[in-house]
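Following: one structure in structure tokens, then a few remarks.
The values are calculated or read from the model by the stated rules, or taken from the named source; none is laboratory data. None of the values given here were measured: they were computed from a predicted structure. Cβ placement follows ideal geometry from the backbone for every residue including glycine, while neighbour counts extend to all protein chains displayed.
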Amino acid sequence: MFPLRDDNRDRRTKPFVTWSLIVLNVLVFVLLQGIGRNERFTMAWATVPAEIVTGKDLTTATHVEVDRETGQRYEVPGLQPTPIVYLTLLMAMFMHGGIAHLAGNMWFLHIFGDNVEDDMGHGRYVGFYLLTGLLASLAHVATTYLLRADPTIPSLGASGAISGVLGGYLVLHPRRRVTVLMFRTVTEVPGIVAVGMWFAFQIISGLGMLGGQSTGVAYGAHIGGFVAGLALVKLFAMGRREQHAAQGVGDWR
């Protein structure tokens, strides 16, 4: 199920923060990551669980690994020096592993972020986005150690923060109509179905990791960010919700 758009007829404000976040993510990927070619920057500022737990900066040499299934050899860049390791929790939130990774994340933010921003106001939305992204990264660090995965593998992407936005959207707009592409058919479903099915996929994929299946996707961050969004959204929307309900506008259902 892939979202195409949602019903924004009752949106009251322009989503300036959501637009700015999209632009910022694109600029970081193009200017700082060199569209994926600047590996030194990426490997310096991605979040490394071992660095977060120990507080110590790690550097490793570039090495060659062999795919067990295909036998293909590929070069893996080493970790680069980082001035302050805990800053990676913020920086990695605006970095991506490739064009498809960036495009997918920004599309979901475009579809669902504007409504949550409208519900909270611009300032609160910034705080909500950054906090859920931070909690998502910490959830990834925790699950890395719980699952005994390699804590030196870096992670990056806006997925954790966007998962928080999706959690907030599910709470505030469970019945808002979302147009989706499902099984080659364009149809409308309520928000609880569109977002709920996405979360169910994260749970199923996360359980697959318990069975030893590794896809390179930080499902712990996705689930952690989503749960953080569910838990925090009403706190960040407090006050504005009652104000909008009194005015008879919004989708507070």
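Quick one: is Gly220 modelled with pLDDT of 90 or more and either closer than 22 Å to Gly127 by Cα or in contact with a helix residue (DSSP H, G or I) (Cβ under 8 Å, 6 or more places away or on another chain) (or both)? For Gly220, the condition - modelled with pLDDT of 90 or more and either closer than 22 Å to Gly127 by Cα or in contact with a helix residue (DSSP H, G or I) (Cβ under 8 Å, 6 or more places away or on another chain) (or both) - is not met. Residues that are more than 21 Å from Gly78 (Cα to Cα) and not in a loop (DSSP other than H, G, I, E, B) within segment 138-159 comprise Leu138, Ala139, Ala142, Thr143, Leu146, Ser159, listed in sequence order. For segment 65-84, state whether one or more residues are surrounded by 10 or more Cβ atoms within 10 Å (Cβ to Cβ), within 24 Å of Leu146 (Cα to Cα) and of a type in the set (D, E, K, R). So far as segment 65-84 goes, no, none of its residues is surrounded by 10 or more Cβ atoms within 10 Å (Cβ to Cβ), within 24 Å of Leu146 (Cα to Cα) and of a type in the set (D, E, K, R).
Here segment 128-141 is the region considered, the condition is being under 12 Å from Gly168 (Cβ atoms) and not aromatic (Phe, Trp, Tyr), and the residue that is surrounded by the most Cβ atoms within 10 Å (Cβ to Cβ) is Thr132.
Among the numbered conditions (1) without any contact (Cβ under 8 Å) to a residue 60 or more places away in the chain; (2) within 23 Å of Ala103 (Cα to Cα); (3) charged (D, E, K, R), the only one that Asp6 does not meet is (1).
Residues of segment 5-22 include at least one that is in a strand (DSSP E or B) and over 28 Å from Thr143 (Cβ atoms). Note on segment 59-100: among residues that are in contact with a Leu (Cβ under 9 Å, 6 or more places away or on another chain) and part of a helix (DSSP H, G or I), the one that is farthest from Leu21 (Cα to Cα) is Val85.
Remark: pairs (first residue in segment 209-226, at positive phi and buried (at least 22 other Cβ atoms within 10 Å of the Cβ); second residue of a type outside the set (A, V, I, L, M) and modelled with pLDDT of 90 or more; Cβ separation under 6 Å; 6+ apart in sequence or on different chains) are absent. The selection criterion, being touching a Phe, Trp or Tyr at 6+ places or on another chain (Cβ under 9 Å), part of a helix (DSSP H, G or I), modelled with pLDDT of 95 or more and buried (at least 16 other Cβ atoms within 10 Å of the Cβ), holds for Gly229.
Of Ala50, Ala44, which residue is in contact with an Asp or Glu (Cβ under 9 Å, 6 or more places away or on another chain), among the small types (Gly, Ala, Ser), buried (at least 17 other Cβ atoms within 10 Å of the Cβ) and assigned to a helix (DSSP H, G or I)?
On the way: Ala44 fails: in contact with an Asp or Glu (Cβ under 9 Å, 6 or more places away or on another chain).
When all the criteria are applied, what remains is Ala50.
Of all the listed residues (Phe41, Phe2, Phe29), the sole one being in contact with a Leu (Cβ under 6 Å, 6 or more places away or on another chain), aromatic (Phe, Trp, Tyr) and closer than 16 Å to Gln80 by Cβ is Phe41. Any residue in segment 102-119 that is in contact with a Lys or Arg (Cβ under 9 Å, 6 or more places away or on another chain), part of a strand (DSSP E or B) and aliphatic (A, V, I, L, M)? Scanning segment 102-119, I find no residue that is in contact with a Lys or Arg (Cβ under 9 Å, 6 or more places away or on another chain), part of a strand (DSSP E or B) and aliphatic (A, V, I, L, M), so the answer is no. With respect to Arg5, determine if the residue is among the charged types (D, E, K, R) and modelled with pLDDT under 95. Considered against the rule, which asks whether it is among the charged types (D, E, K, R) and modelled with pLDDT under 95, Arg5 comes out as no.
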